[in-house]
1. Please name all residue pairs, on different chains or six or more residues apart, with Cβ atoms under 6 Å, provided the first residue is in the range 112-135 and is under 30 Å from Asp232 (Cβ atoms) and the second residue is among the acidic types (Asp, Glu).
2. Looking only at residues that are free of Cβ contacts under 8 Å to residues at least 24 places away in the same chain and not aliphatic (A, V, I, L, M) in the range 27-45, which one is farthest from Arg259 (Cα to Cα)?
3. Of the residues in the range 83-133, how many are closer than 25 Å to Lys39 by Cα, polar (S, T, N, Q) and surrounded by fewer than 17 Cβ atoms within 10 Å (Cβ to Cβ)?
4. Kindly indicate the residue of the range 264-274 that is modelled with pLDDT of 90 or more and either within 18 Å of Gly225 (Cα to Cα) or of a type in the set (Ser, Thr, Tyr) (or both) and also surrounded by the fewest Cβ atoms within 10 Å (Cβ to Cβ) among those meeting that condition.
5. Pull up the range 39-59, narrow it to residues that are of a type in the set (A, V, I, L, M, F, W, C) and touching a helix residue (DSSP H, G or I) at 6+ places or on another chain (Cβ under 7 Å), then point me to the one that is modelled with the lowest pLDDT.
6. Is it the case that the range 229-246 has a residue that's surrounded by 19 or more Cβ atoms within 10 Å (Cβ to Cβ), of a type outside the set (Phe, Trp, Tyr) and within 23 Å of Gln57 (Cα to Cα)?
7. Considering only residues of the range 185-223 that are in contact with a Gly (Cβ under 9 Å, 6 or more places away or on another chain) and of a type in the set (Gly, Ala, Ser), which is nearest to Arg108 (Cα to Cα)?
8. Which residues, counting only those in the range 2-26, are surrounded by fewer than 11 Cβ atoms within 10 Å (Cβ to Cβ) and within 23 Å of the chain's Cα centre (by Cα)?
Amino acid sequence: MNTSAALDRIRTEFPGLEWSNCRRLNSGADNIILILDEKLLFRIPKDDTDKRRFSTQLRVLDALRKRVGVAIPRFDYVSHDRTFGGGPLLPGVRLTPARLNAMGQAHRKSIAEQFGSFLAAIHSFPVSSARNLGVQEADKTMFRDLARDWVQWFERLRPQFSPAERRALVRHLACITARRHRFSPVLAHCDMWYDHFFFDPTKKTLSGIADFDMELQDPAEDFFGFWDYGEDLLDSVLSAYGRSDSGLKSRSKDYWVQRRMGALFAGITENRKRWIRYGSTLFKHR
């Protein structure tokens, strides 16, 4: 669906809504994301599976709103069939690694505590209640299946990499293909990384978390994005999280490697420079 068609859908569903400017975000793989007048964000899922998931997300977000201490998406405009909607932009600016690393230790610790409390709140949401709201359980074989896929992609793309890069990728692939994760599923956000984190630059506090994919999943999946800020920050988040899980940190690193590798391979295949930059940080980690 092109931008014009998406705007026509919004006009049809919400004839009283007016705007002067619109921009489309390019980061949405599963959704068309439109920003109207820099005030409202509309999310239009691209396929039937994501449309059904959107309806579930509306119910779960409402159930979580009072449990978490930061702003989460609110959809004031919902289509009659509950397959797409829009609402106010989350407050603040993106909490990039550069912004976080420029802060003092006290502010970094405070933000880590906010992240830990947020994840403890959603991971303690009753699994039975999440199922009743329509949240699906993640495929427990997906990590292993994706690891096999990345091996095949690597073989196809091998000529694109330098000898040092090949050695790094082989090392990472050997680690993730050998893993056998064991965990008790929780309600998980499933896309926790800095593109979805917002902070108040004046107060130096976390102000919002966006883009909930939400599945019953390994809790470690929700910690992969903190590796982008550094292991010290991750350790602070884990300390504030407080829930006992001895293998959580190592599993979170596996998910980080998997995500970065997927971005790198897909970025090269589809000529997506941003994805390539994101995935290339694999070469800096052992």
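The values are calculated or read from the model by the stated rules, or taken from the named source; none is laboratory data. Here the structure is a predicted model, which is why all the values come from computation and not from measurement. All Cβ positions, glycine included, derive from the backbone under ideal geometry; neighbour counts span all protein chains shown.
1. Cβ pairs passing all conditions: Leu119/Asp222.
2. Step one: filter the range 27-45 for residues free of Cβ contacts under 8 Å to residues at least 24 places away in the same chain, giving 28-31, 33, 37.
Restricting the remaining residues to those that are not aliphatic (A, V, I, L, M) gives 28, 30-31, 37.
Working: Gly28: 15, Asp30: 16, Asn31: 19, Asp37: 32 Å.
My answer is Asp37.
3. 1
4. Thr269
5. Our first condition is that a residue be of a type in the set (A, V, I, L, M, F, W, C); within the range 39-59, this holds for 40-42, 44, 54, 58.
From what's left, touching a helix residue (DSSP H, G or I) at 6+ places or on another chain (Cβ under 7 Å): 42, 44.
Numbers: Phe42: 96, Ile44: 93.
Ranking the candidates gives Ile44 first.
6. No, there is no match, as no residue in the range 229-246 is surrounded by 19 or more Cβ atoms within 10 Å (Cβ to Cβ), of a type outside the set (Phe, Trp, Tyr) and within 23 Å of Gln57 (Cα to Cα).
7. In this case the residue turns out to be Ser207.
8. Selection gives Asn26 alone.
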